[in-house]
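Here's the structure, in structure tokens; my notes come after.
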Amino acid sequence: MSHAFVHELVDHASERFRAGGRFAYHYARGKLGYDTIFHDILRRGLLSGAPRVLDLGSGQGSLFSWLLAAQQLAARGRWPADWAPPPTPRALRGIELMDKDVDRAAQAFGATHPVVRIERGDMTRTELGRPDAITILDALHYVDHQRQSELLARIRAALPAGGVFLTRIGDASAGWRYQMGLNIDRVVTFARGHRLSRLYARPLAEWRAELESLGFEVDSRDMSGNKPLANVMLYCRVR
Ligand SMILES: C[S@@+](CC[C@H](N)C(=O)[O-])C[C@H]1O[C@@H](n2cnc3c(N)ncnc32)[C@H](O)[C@@H]1O
């Protein structure tokens with residue numbers, strides 16, 4: 001069931017991006033189909049107890065389409081018995097720096113979607129509000145170390161007890177595997193129509209220590225799939 005169900009989810013979640021053109025559609029299909037963090041989020045219910053999600057560096061909103069597709073299929077009785085309960089998103093807010101991605105999101109979700117709002121903004125400056133969960137998937141390394149630390153502290157302050165911060169970082173202590181991830185990141189960034197900027201890495205132990213000192217319980221998992229990369233998911237819960 002699981003394999004066929006993932007296909008169904010990918011079809012369902014990618015469909016809305018057709019409105020944004022070929023790139024938007026195929027990017028969503030590739031990302032949702034092959035990036036294991038999206039599968040893990042549903043299988044393990046990492047955002048299931050979080051109706052209000054804030055996604056920083058949201059890109060075109062692939063994560064939100066994924067959560068909505070899961071909710072819709074589950075409402076039709078389609079949900080694998082061995083997965084955690086499905087997500088129940090009620091307010092999904094994305095913050096994205098690049099106009100191109102915000103435009104793709106607007107075409108995919110429309111201007112008046114009842115659940116999804118993707119705004120153009122800088123995550124290091126934007127008001128975070130009071131979400132149940134905050135996600136940053138592959139975007140933290142675009143801002144310098146000082147702004148990373150300031151943002152992490154604001155994220156902690158914005159979340160309630162039990163709130164979730166879910167992120168994925170590259171582990172800078174992983175040598176050539178980390179470099180390989182950076183190179184892929186640069187190619188994808190360029191393909192998405194963005195100029196290349198400096199990236200700010202840290203070793204996994206440093207990410208962990210900082211998050212723990214802020215009051216998070218941190219569970220880290222390798223998210224490189226079968227690729228020789230150093231992508232690590234950090235699932236952080238406010239103690
Ligand atoms: C590698 S992409 C990942 C996009 C999305 N999270 C996903 O998983 O498909 C990183 C995104 O972070 C955005 N970004 C970088 N710095 C940002 C900032 N300061 N504020 C908001 N978005 C930012 C980039 O424009 C880009 O869309």
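Run through the DSSP bridge list for the chain and note the antiparallel percent, rounded to the nearest 5. If you can, show how the numbers build up before the last one.
Working: 14 of 33 bridges.
Bridges in the chain that DSSP calls antiparallel: roughly 40 percent.
A crude spin-label estimate for the pair SER173 and THR112, with each label 7 Å from Cα along the Cβ direction, gives 5.3 nm. Between ASP55 and ARG93, GLY94, ILE95, THR135, the built amide H atoms are under 5 Å apart, and every one of these is 5 or more places off in sequence or on another chain.
Sorting the segments 106-113, 22-29 by their mean number of nearby beta carbons within 10 angstrom, highest to lowest, gives 22-29, 106-113.
Hydrodynamic radius of the chain by the Kirkwood approach over all distinct alpha-carbon pairs: 18.0 Å. Rounded to two decimals, the Cα-based Rg/Rh of the range 1-51, with Kirkwood Rh, is 1.01. By the count of other C-beta atoms within 10 Å, a proxy for reagent exposure, TYR200, TYR235 are ordered fewest to most as TYR200, TYR235.
Can you pull out the trypsin sites (Lys or Arg not before Pro) in the range 34-65 that DSSP calls coil and that have at most 15 other Cβ atoms within 10 Å? Before the final figure, lay out the partial values.
On the way: sites: ARG43, ARG44, ARG52; in loops: ARG44.
Hits after loop and neighbour filter: ARG44.
Note on the range 1-141: Cα convex hull, mean projected area over all directions, 8.0 nm².
Read-outs throughout are calculated quantities, based only on the coordinates presented, and are distinct from any laboratory measurement. Predicted model only: the values in this text are computed from it and were never measured. Ideal geometry is used to build each Cβ from the backbone, glycine not excepted, and the neighbour counts take in all protein chains shown.
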